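Single-structure report; data block below.
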Amino acid sequence: MAKKQFKAESKRLMELMIHSIYTHREIFLRELISNASDAIDKLAYLALTDDSVQLKRGQMKVTLTPDRAARTLTVSDNGIGMTQEELERNLGTIAKSGSLQFKQEMDRKQAADIIGQFGVGFYSAFMVADQVTVLTRRQGEPDAWRWQSEGADGYTIAPAQRDEVGTDVILHLKEDTEEESYSQYLDTGRLQELVKKYSDYIRHPIRMVVEQRRMKEKPADAGEDYQPEWESVAEEQTINSMVPLWQRPRSKVKQEEYDRFYQDKFLDWQAPLATITTSSEGTVTFKALLFVPAATPFDFYTREYEKGLQLYSSGVLIMDKCADLLPDCFRFVKGVVDSPDFSLNISREMLQHTRQLQIIAAALEKKIKNELLKLLQDNRERYEKFWDAFGLQLKYGVVEQYGAKKELLRDLLLFHTSKGDKLITLKEYVQRMAEGQPFLYYVSAQSVEQAARLPQVERIADQGYEILYLTQEVDEFVVQALSEVEGKQLKSVADPDALPETDGEKAAQEEQEAQAKPVLDFVKETLGDKIHAARLSRILKSAPVCMSADGPMSLEMEKYFSKLENGGGMKAQRVLELNAQSAPYAALKAALDSGDRDKASKYVQILYHQALLLAGLPIDDPAAYTELVCGLMV
Ligand code: ADP
């Protein structure tokens with residue numbers, strides 16, 4: 001029989017498939033099953049208009065038959081089949097634009113890792129088979145045809161026998177090599193796994209004979225000491241679930257079903273904290289089923305963690321982790337999106353730029369936010385559990401992308417405060433603000449306990465004003481990004497303007513400062529470059545001293561940067577603030593007034609170090625400082 005040549009394009013594609021070093025060869029099964037399922041759809045469609053077509057309702061199926069002895073895997077369907085001419089046209093040329101586009105991409109990149117992103121179609125069979133046979137009989141035709149090919153050098157077509165309408169694609173699997181096992185595609189367990197992974201939601205049943213161990217029936221005359229016996233039974237089973245959970249209305253699905261689905265699919269031993277379903281019809285049609293995990297995945301804050309949702313197109317998985325569907329701030333969300341608007345053939349690069357994807361991503365972002373807000377309102381305890389697991393991510397979200405997501409996230413943030421130990425939102429803070437309170441106040445500290453005892457806090461707290469306690473490194477960046485809430489500015493309690501002053505107060509302050517100038521000059525002179533300035537404090541009430549910072553960089557930020565590998569050089573402009581009303585200040589002034597500069601400079605050192613300690617900043621020379629303090633005792 002004469003060999004026919006493939007069209008040039010097809011030949012090249014075939015060569016690529018045969019010599020592919022691609023690791024996802026397994027997707028050939030997805031492609032063949034999709035073709036088989038399409039063929040069934042086509043027959044069903046034909047039956048709508050053609051009375052002569054007898055569709056065997058309930059019997060339409062795709063069948064997988066591994067045969068170890070013959071080393072073949074057959075994918076069969078009772079769909080529409082192909083005529084001789086269709087065989088030529090469909091399997092002798094690249095039938096569809098997707099395959100063509102794939103080939104062009106391959107030529108361009110010479111990279112083999114892009115196959116899985118395309119619907120590469122029928123030719124992918126040659127990634128695992130050294131011979132492919134297609135036995136097919138078209139609906140309405142008496143004759144069947146056998147198409148056969150061993151690769152790029154061509155194919156043959158000959159008349160054949162097939163009792164029923166439909167198609168068998170018979171793959172003779174390649175010999176195993178050291179790198180690659182092709183025998184795995186003869187293993188029913190492996191095939192089941194692959195169907196679950198890629199084709200679980202194909203609309204038609206995928207059937208396979210599966211060996212099962214089961215307990216023999218207990219004989220009627222079995223005695224007391226009867227031991228149960230096991231037997232192997234081969235049974236044809238449906239190995240896909242067909243109807244995806246997300247296609248079913250939420251009211252018809254039990255929460256346990258959602259939980260099980262989540263746990264199986266995303267390998268979590270805990271049930272999800274929240275289940276979110278949403279769908280849309282219109283410019284873009286999609287259904288989404290999303291989950292918020294109950295705990296932080298162990299690798300969540302590492303580079304290894306990959307965000308993304310599974311993207312399906314009419315029940316066929318086209319991308320396992322589609323990152324573009326989720327904003328970074330919600331990267332903890334897991335789930336699936338199914339949209340018939342994506343074709344199987346779309347490449348990753350193209351997908352990124354499709355408008356559909358962007359529309360879906362925007363809708364999901366809004367939906368996730370609203371669901372979290374609802375949780376916050378309806379079930380505070382659960383929300384706090386969520387906050388515990390992913391609150392830090394939301395805070396990062398506020399800061400990242402130049403604050404682009406701050407509006408989205410603001411109402412989801414929780415903070416500790418000076419009033420009670422319940423976490424509150426910024427909205428709640430504003431709602432219970434005191435009469436005439438000019439700002440929202442915050443203070444940074446290592447812990448809530450420390451925050452409460454910082455000297456800077458006293459003055460504001462005495463006014464009856466609530467103070468947000470910032471205890472995580474990112475917090476200061478968060479308040480800086482937010483800058484205001486409902487028209488009210490966020491202000492550090494260490495800000496000299498934290499409490500607005502009257503003109504009289506201002507004048508008094510200026511006069512005090514003028515009087516204190518010799519003392520302040522002496523302090524600055526003694527400490528030199530260690531501080532940017534010495535100042536009379538307007539933020540201290542009873543404590544004698546504290547450290548604050550001028551300019552945009554706070555002390556907390558300095559601490560944060562000092563931990564980064566290459567951010568160590570960033571320093572805040574330190575300001576030593578002295579309380580002119582305090583006894584230690586009076587002692588310092590008295591020493592200076594009496595001309596005892598040695599004593600005065602020791603006092604300055606002590607005050608400076610007290611301020612460092614309070615601020616949680618390291619002391620440059622602990623030994624020298626200890627000596628100094630102990631020296632005062634003798
Ligand atoms: P695609 O399925 O994306 O069009 P393929 O290369 O996989 O591209 O298949 C080419 C064509 O061959 C299909 O469009 C279809 O017409 C035909 N075909 C493939 N498999 C079958 C099948 N099992 N039954 C009927 N027709 C088929």
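The values are calculated or read from the model by the stated rules, or taken from the named source; none is laboratory data. Since this is a predicted model, take the numbers as computed values, not measurements. Note: ideal-geometry Cβ built from the backbone for every residue, glycine included; neighbour counts use all protein chains shown. Keep in mind that these areas ignore ligands, DNA and RNA; they rest on the heavy atoms of the full protein, side chains included. Shrake-Rupley method; radii C 1.70, N 1.55, O 1.52, S 1.80 Å.
If you check Ala543 against the conditions, is it buried (at least 18 other Cβ atoms within 10 Å of the Cβ) and free of Cβ contacts under 8 Å to residues at least 40 places away in the same chain? It is false that Ala543 is buried (at least 18 other Cβ atoms within 10 Å of the Cβ) and free of Cβ contacts under 8 Å to residues at least 40 places away in the same chain. Are any of the residues in the stretch 156-170 in contact with a Gly (Cβ under 7 Å, 6 or more places away or on another chain), within 19 Å of Ser37 (Cα to Cα) and either more than 12 Å from the ligand (Cβ to nearest atom) or small (Gly, Ala, Ser) (or both)? Among the residues of the stretch 156-170, at least one is in contact with a Gly (Cβ under 7 Å, 6 or more places away or on another chain), within 19 Å of Ser37 (Cα to Cα) and either more than 12 Å from the ligand (Cβ to nearest atom) or small (Gly, Ala, Ser) (or both), which makes the answer yes. If you check Glu435, Glu486, Glu476, Glu449, which single one turns out to be open to solvent by 40 Å² or more (accessible area, probe 1.4 Å), at pLDDT below 95 and in contact with a Leu (Cβ under 9 Å, 6 or more places away or on another chain)? On inspection, the qualifying residue turns out to be Glu486. Tallying residues that are under 19 Å from the mean Cα position of the chain (by Cα) and either surrounded by fewer than 22 Cβ atoms within 10 Å (Cβ to Cβ) or at pLDDT below 85 (or both) within the stretch 350-359 yields 4.
Is it the case that the stretch 573-593 has a residue that's of a type in the set (D, E, K, R) and either surrounded by fewer than 19 Cβ atoms within 10 Å (Cβ to Cβ) or at pLDDT below 90 (or both)? Looking for residues that are of a type in the set (D, E, K, R) and either surrounded by fewer than 19 Cβ atoms within 10 Å (Cβ to Cβ) or at pLDDT below 90 (or both), one finds at least one in the stretch 573-593, hence yes. Those residues that are over 22 Å from Ser124 (Cα atoms) and among the basic types (Lys, Arg), I need them from the stretch 52-78; list them, please. Selection gives Lys56, Arg57.
If you go through the stretch 316-347 and keep only what is aliphatic (A, V, I, L, M) and either away from the ligand (no atom under 16 Å from the Cβ) or at pLDDT 95 or above (or both), you end up with Met319, Ala323, Leu325, Leu326, Val333, Val336, Val337. Cβ separations smaller than 6 Å between residues 6+ apart or across chains give the following pairs from the stretch 47-66 residues that are within 13 Å of Ile206 (Cβ to Cβ) to residues that are acidic (Asp, Glu) and open to solvent by less than 50 Å² (accessible area, probe 1.4 Å): Val62/Asp77.
Scanning the stretch 35-70 for residues that are within 13 Å of the ligand (Cβ to nearest atom), at pLDDT 90 or above and of a type in the set (Ser, Thr, Tyr) gives Ser37, Thr63. A Cβ distance below 7 Å, combined with a sequence gap of six or more or placement on separate chains, defines the contacts here; from the stretch 23-45, residues that are in contact (Cβ under 8 Å) with a residue 24 or more places away in the chain and charged (D, E, K, R) reach residues that are within 10 Å of the ligand (Cβ to nearest atom) and open to solvent by 10 Å² or more (accessible area, probe 1.4 Å) in the pairs Glu31/Phe122; Lys42/Ile80. Residues in the stretch 130-177 that are over 26 Å from Gln54 (Cβ atoms), in a loop (DSSP other than H, G, I, E, B) and among the aliphatic types (A, V, I, L, M): Ala152 alone. From the list Ile27, Ile18, the lone residue that is open to solvent by 40 Å² or more (accessible area, probe 1.4 Å), within 16 Å of the ligand (Cβ to nearest atom) and among the aliphatic types (A, V, I, L, M) is Ile18. Can we say Ala362 is of a type outside the set (Asp, Glu) and either open to solvent by 20 Å² or more (accessible area, probe 1.4 Å) or part of a loop (DSSP other than H, G, I, E, B) (or both)? The answer is yes for Ala362. Of all residues in the stretch 251-298, those that are closer than 15 Å to Val337 by Cβ, part of a helix (DSSP H, G or I) and touching a Leu at 6+ places or on another chain (Cβ under 7 Å) total 1.
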